[in-house]
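Presented below is the structure to which this report refers.
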Amino acid sequence: ATTVAAGGIGAWLFLEYEAAVPFLVPGRHTVELKKPGSYLVWNDYRTVFQGRSYDEAKHLPTGARISVIDKASGRELAVGSQSGATSSTANTESVAVAQFSIAQPGSYDIVVQGSFPPRVMSVGRNFIFQLAGGLFGAMALVFAGYSAALGIAGWVFLKREEAARIAARAQA
């Protein structure tokens, strides 16, 4: 049962995952963000976008500035720096460069300013803690389930042995 439950956690993580939305910078790009929470801005330094291959530096160019604007209110959101998170897929290598949070779904403008050649960036939900929590939770669930199964099997074995000894004494 715990293995099935752990599989359910894996399925839930798979269904919750949303691919990051890529776009060219510098410039302004509107994204539709579907769920409240934390989002990451990724520097897709090695990727293919709209039929063109990009192989840029892992770090953003000096002077690059990232801002996020809630289109409904026109309010600029707080954008914090983010480093360390990396992502690799079949054709994209990315590093997180900024993070922001939204309180409600809607349209948001991602504005990247600077004087540098076009490069690809993307925005996606900060899935790192959810993924780590789900994986550790599934492992803990499986460990607890198999530990309980071993404990029950041991208890049943001891009870059967005790019953066999009692039956042997009764026949003697």
Query raised in the report: So what is the relative contact order of the chain, in percent, for Cα pairs below 8 Å that sit 6 or more residues apart?
Result: 36 percent
Query raised in the report: How do Phe136, Phe116, Phe100 stack up against each other in accessible area, from largest to smallest, with a 1.4 angstrom probe?
Result: Phe136, Phe116, Phe100
Query raised in the report: In sequence order, what are the phi-derived ³J(HN,Hα) couplings for the stretch 88-101 according to the Karplus relation 6.51 cos²θ - 1.76 cosθ + 1.60 with θ = phi - 60°, rounded to whole Hz, with x for glycine and proline?
Result: 10, 10, 4, 10, 9, 10, 9, 9, 6, 10, 7, 9, 8, 10
Report summary line: Listed by chain and number, the residues whose amide H is under 5 Å from that of Lys71, excluding neighbours fewer than 5 places away on the same chain and using placed H, are Ser107, Tyr108, Asp109
Query raised in the report: Expressed as a fraction of 2.2 N^0.38 Å, the rule-of-thumb size for a compact globular protein of N residues, what is the C-alpha radius of gyration of the chain?
Result: 1.66
Report summary line: Once the dipole of the stretch 55-149 is set up from charges on Cβ (+1 Lys and Arg, -1 Asp and Glu), the residue from the list Val123, Leu60, Ala90 lying farthest towards its positive end is Val123
Report summary line: Of the convex hull drawn through the C-alpha atoms of the stretch 73-172, the volume per residue in Å³ is 190 Å³
Query raised in the report: When the chain is treated as a GNM, springs tying every alpha-carbon pair under 10 Å, which of Ala64, Ala153, Ala19 comes out with the largest mean-square fluctuation?
Result: Ala153
Query raised in the report: Using a 1.4 angstrom probe and counting only protein chains, how large is the accessible area of Ile152 in Å², to 10?
Result: 100 Å²
Query raised in the report: So who's got an amide H within less than 5 Å of the one on Arg46, skipping anything under 5 residues away but keeping other chains? H placed 1.01 Å off N, in plane.
Result: Glu56, Glu93
Query raised in the report: Under a 1.4 angstrom probe, counting protein chains only, how are Ser147, Ser53, Ser115, Ser67 ranked by accessible area, largest first?
Result: Ser115, Ser53, Ser147, Ser67
Report summary line: Taking Leu77, Leu141 and ranking on accessible area (1.4 Å, protein atoms only), highest first, one gets Leu141, Leu77
Query raised in the report: Solvent-accessible area per residue for the stretch 77-172 at a 1.4 Å probe radius, Å²?
Result: 62 Å²
Report task. Measure nothing but the geometry: give the 0 to 90° angle between the long axis through the Cα atoms of 128-171 and the longest principal axis through the Cα atoms of the chain, rounded to 10°. Result -> 0 degrees
Query - Assigned charges on the beta-carbon of Lys, Arg, Asp, Glu; the chain dipole about Cα centre (debye) - result: 340 debye
Query raised in the report: Which value in nm describes the separation of the simple spin-label points at Lys58 and Thr3, placed 7 Å from the Cα toward the beta carbon?
Result: 4.0 nm
Query raised in the report: Relative to the longest principal axis of the chain, what angle (0 to 90°, nearest 10) does the C-alpha long axis of helix 2-16 take?
Result: 10 degrees
Report summary line: Those trypsin sites (Lys or Arg not before Pro) from the stretch 46-79 that are DSSP loop and have at most 16 other Cβ neighbours within 10 Å turn out to be Lys58, Lys71, Arg75
Report summary line: Surrounding charge for Pro118, neighbours by C-beta under 10 angstrom, Lys/Arg +1, Asp/Glu -1, total +1
Report summary line: Counting only protein heavy atoms and leaving out ligands, DNA and RNA, the solvent-accessible surface of Glu162 at a 1.4 Å probe, in Å² to the nearest 10, equals 80 Å²
Requested in this report: Give me the accessible area of Ser87, 1.4 Å probe, in Å² rounded to the nearest 10.
Outcome: 40 Å²
**Report entry** Computed [θ] at 222 nm, helices only, for the chain once each DSSP H run of length n ≥ 4 contributes -39500 (n - 2.57)
**Finding:** -12500 deg cm²/dmol
**Report entry** Portion, in percent, of the accessible area of the stretch 60-172 that falls on carbon or sulfur, probe 1.4 Å
**Finding:** 61 percent
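The values are calculated or read from the model by the stated rules, or taken from the named source; none is laboratory data. Note that the structure is a prediction, hence the values are computed from the model and not measured. A quick note on method: Cβ atoms are made from the backbone with ideal geometry, for glycine too, and the neighbour counts reach across all protein chains shown. Heads up: the accessible areas ignore ligands, DNA and RNA and are worked out on the full protein's heavy atoms, side chains in. Shrake-Rupley method; radii C 1.70, N 1.55, O 1.52, S 1.80 Å.
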